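To start, the structure under review is shown below, and the notes come after it.
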Amino acid sequence: MKRLELELDLDKSLTNFTLIDFSNNRFNGRIPEALGELHALLVLNLSHNRLNDTLPPSLANMAALESLDLSSNKLGGRIPSELTKLTFLEVLNLSQNNFFGTIPVGHQFNTFDIDSYAGNLGLYGFPLSKKCGSEEERKPPTPKLVEDEDSAIPFIWELVMMGYGCGVVLGLSTGYIVFTTGRPWWLVRMVERDWQRNFTRWARRIGRKRN
């Protein structure tokens with residue numbers, strides 16, 4: 001029963017997150033549809049990883065989202081038209097992926113420039129100068145090759161969020177100790193760096209066992 005209550009509390013706390021930044025890691029796999037349940041999220045940054053497959057349309061359920069950065073991954077397929085429902089979206093970066101097809105239009109998507117889509121050779125339509133052309137142009141581009149593939153970390157949503165939640169608790173606990181004891185803030189930064197390094201190593205080991 002305690003374990004079930006813990007899981008429910010964790011799920012409830014995730015829905016209150018307003019910023020998630022997992023950039024510059026080695027996560028691979030597809031983006032989980034469960035991300036769409038984070039309705040309070042304002043900023044999502046998964047850039048510079050090795051995420052692949054298509055974008056889940058459920059991302060459109062993050063109605064409050066203002067910034068979405070998925071650049072420098074191996075994502076592909078068509079950009080879901082459902083994302084045009086993100087009417088508060090001010091920053092979009094899908095560059096350096098393998099997307100193809102027509103760029104959705106409407107609402108905030110009418111405000112993004114070509115930098116949002118750079119490096120996706122199969123995309124066409126506004127704001128790109130490339131228009132809908134021949135069938136040859138519509139074929140998906142050859143996926144980009146990424147070196148050191150064996151060292152990638154599977155993007156296991158439950159695992160990543162568990163570590164993220166633990167990091168939040170660790171940061172708050174350390175901050176409380178510093179506040180009450182007057183110890184220097186360099187201690188906080190040192191502990192947070194050590195936690196992030198150890199979590200990354202742990203995630204890699206778990207990923208190898210699952211494979």
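Annotation note: of Ser71, Ser67, Ser81, Ser95, the sole residue that is over 24 Å from Asp21 (Cβ atoms), at pLDDT 95 or above and among the small types (Gly, Ala, Ser) is Ser81.
With respect to Ser129, determine if the residue is assigned by TED's automatic domain parsing to the domain that holds Arg26, assigned to a loop (DSSP other than H, G, I, E, B), polar (S, T, N, Q) and over 25 Å from Phe22 (Cβ atoms).
Values: assigned by TED's automatic domain parsing to the domain that holds Arg26: yes; assigned to a loop (DSSP other than H, G, I, E, B): yes; polar (S, T, N, Q): yes; over 25 Å from Phe22 (Cβ atoms): yes.
Judged against the criteria, Ser129 is a match.
Annotation: of all residues in the range 92-119 being in a loop (DSSP other than H, G, I, E, B) and within 15 Å of His48 (Cα to Cα), the one that is nearest to the chain's Cα centre (by Cα) is Leu94.
For Arg30, state whether it is closer than 21 Å to Tyr117 by Cα, modelled with pLDDT of 90 or more, surrounded by 15 or more Cβ atoms within 10 Å (Cβ to Cβ) and basic (Lys, Arg). Can you show your working first?
Numbers: closer than 21 Å to Tyr117 by Cα: yes; modelled with pLDDT of 90 or more: yes; surrounded by 15 or more Cβ atoms within 10 Å (Cβ to Cβ): no; basic (Lys, Arg): yes.
Judged against the criteria, Arg30 is not a match.
Among the residues of the range 77-94, those that are out of contact with any Leu (no Cβ under 9 Å at 6 or more places or on another chain) and not basic (Lys, Arg) comprise Ser81, Thr84, Thr87, Glu90.
Of all residues in the range 52-73 being touching a strand residue (DSSP E or B) at 6+ places or on another chain (Cβ under 6 Å) and buried (at least 18 other Cβ atoms within 10 Å of the Cβ), which is nearest to Tyr124 (Cα to Cα)? Working first, answer last.
To start, the set of residues in the range 52-73 that are touching a strand residue (DSSP E or B) at 6+ places or on another chain (Cβ under 6 Å) comprises 52, 54, 67-69, 71, 73.
Among the residues that remain, those that are also buried (at least 18 other Cβ atoms within 10 Å of the Cβ) are: 52, 68-69, 71, 73.
Working: Asn52: 20, Leu68: 20, Asp69: 20, Ser71: 17, Asn73: 19 Å.
Result: Ser71.
The values are calculated or read from the model by the stated rules, or taken from the named source; none is laboratory data. What you see is a predicted model, and the numbers here were worked out from it, not measured in a lab. In this analysis, Cβ positions are derived from the backbone assuming ideal geometry, glycine residues included, and neighbour counts consider all displayed protein chains.
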